[in-house]
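The values are calculated or read from the model by the stated rules, or taken from the named source; none is laboratory data. Fair warning: this is a prediction, and the values are worked out from it, not measured in the lab. Every residue, glycine among them, receives a Cβ derived from its backbone with ideal geometry; neighbour counts consider all protein chains shown.
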Amino acid sequence: MQLSILHHTAYRYEEPVKYTAQTLRLTPRREGAQRTLSWSISAPGRRTEQLDAHGNITHLLTLEEPHRVIEIDVRGIVEMTGDEEFLRFEGPLSPFAYLAATPLTAANAQMAALAHEHLAGPSDARERLYRLAAAVRAAVRYVPGATSVEDSAAQAFAHGQGVCQDQAHVFIACCRSAGIPARYVSGYLCSVDGSDSASHAWADAWLEDRHGWLSIDVTHLEPMGPKHCRLAVGRDYLDAAPVRGVRRGGGREQMTVTVAAQSPGEQQ
């Protein structure tokens, strides 16, 4: 299946911004069952492309002239060649680089207990990880706007509500507390007609016996499939955020994001 993806991000500021530097992780990874047929990024300022430590294709965007608006447009076609729940080991870092906790993924005692309860037992590793994902999904209900990008896994767990980022963080924290390397995935969740397309986050958990990653969408309690387009991976959201940066000046900021994906043959 081919998907034509359109992603528009706009920042508007109440005062002129003197300088902006942003890291864009808006290009699909070259891995698994996805293949990029065409891809382009349109944005003001200068852009420098590189691979980061996690193997993500990144662009450093800098604007050195005063500005009050930044608009970033991404478009391209990605071919999803089939269901691929498991990803063979790829990337420059050892899986054990994704075992240490970060401030956003540190597990508290309650989360460690949840991991121990659902990862124990004689069933195979895949079944136990899905059991944990179901428990995380029940413990952190999906409620749009319940948290912010600065909230940690422990805060979302205590609150009992969050978004896909929080559910992925809690699952990752639980895995790491049990000695299982896990990493954060950012990307797109696509529908065929584009009506339900959105930026999304899920998680990879390392399976030593398969020498690969099991990719689980905790929010929907399903494996990664043809509708999941992977952009970036990292230890947590901060490593894999589609757009992240700093600015000087600008005052209050308003950000809008729209994502649409559809089969190229269905476009007008």
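Answer with yes or no whether THR147 is outside the structural domain of GLY55 (by TED's automatic domain parsing), touching a helix residue (DSSP H, G or I) at 6+ places or on another chain (Cβ under 7 Å), of a type in the set (Ser, Thr, Tyr) and closer than 19 Å to LEU189 by Cβ. Even if it seems obvious, please write down each step before you answer.
On the way: outside the structural domain of GLY55 (by TED's automatic domain parsing): yes; touching a helix residue (DSSP H, G or I) at 6+ places or on another chain (Cβ under 7 Å): yes; of a type in the set (Ser, Thr, Tyr): yes; closer than 19 Å to LEU189 by Cβ: yes.
Answer is yes for this residue.
Would you point out the residue of segment 158-214, among those that are basic (Lys, Arg) and more than 23 Å from HIS7 (Cβ to Cβ), that is surrounded by the most Cβ atoms within 10 Å (Cβ to Cβ)?
Filtering first and then ranking leaves ARG176.
Would you point out which residue out of LEU104, LEU132 is surrounded by 18 or more Cβ atoms within 10 Å (Cβ to Cβ), more than 18 Å from the chain's Cα centre (by Cα) and farther than 17 Å from HIS200 by Cα? Even if it seems obvious, please write down each step before you answer.
Numbers: LEU104 fails: more than 18 Å from the chain's Cα centre (by Cα).
Within the list LEU104, LEU132, the selection yields LEU132.
Is it fair to say ALA153 is surrounded by fewer than 16 Cβ atoms within 10 Å (Cβ to Cβ), over 26 Å from GLN50 (Cβ atoms) and among the hydrophobic types (A, V, I, L, M, F, W, C)? Walk me through how you get there before you give the answer.
Values: surrounded by fewer than 16 Cβ atoms within 10 Å (Cβ to Cβ): no; over 26 Å from GLN50 (Cβ atoms): yes; among the hydrophobic types (A, V, I, L, M, F, W, C): yes.
In short, no.
If you take just the strands (runs of 3 or more DSSP E) that sit entirely in segment 1-88, which of them hold at least 3 residues that are surrounded by 14 or more Cβ atoms within 10 Å (Cβ to Cβ)? If you could, list the steps in order and put the result at the bottom.
Numbers: elements: 2-24, 34-42, 46-51, 57-63, 67-80, 86-88.
In segment 1-88, the matching strands (runs of 3 or more DSSP E) lie at 2-24, 34-42, 57-63, 67-80.
Take segment 205-238 and flag every residue that is of a type in the set (Gly, Ala, Ser) and closer than 26 Å to TRP39 by Cβ.
First pass over segment 205-238, keeping only residues of a type in the set (Gly, Ala, Ser): 205, 212, 215, 225, 232, 234.
GLY212, SER215, GLY225, ALA232, GLY234 - these are the residues of segment 205-238 that are of a type in the set (Gly, Ala, Ser) and closer than 26 Å to TRP39 by Cβ.
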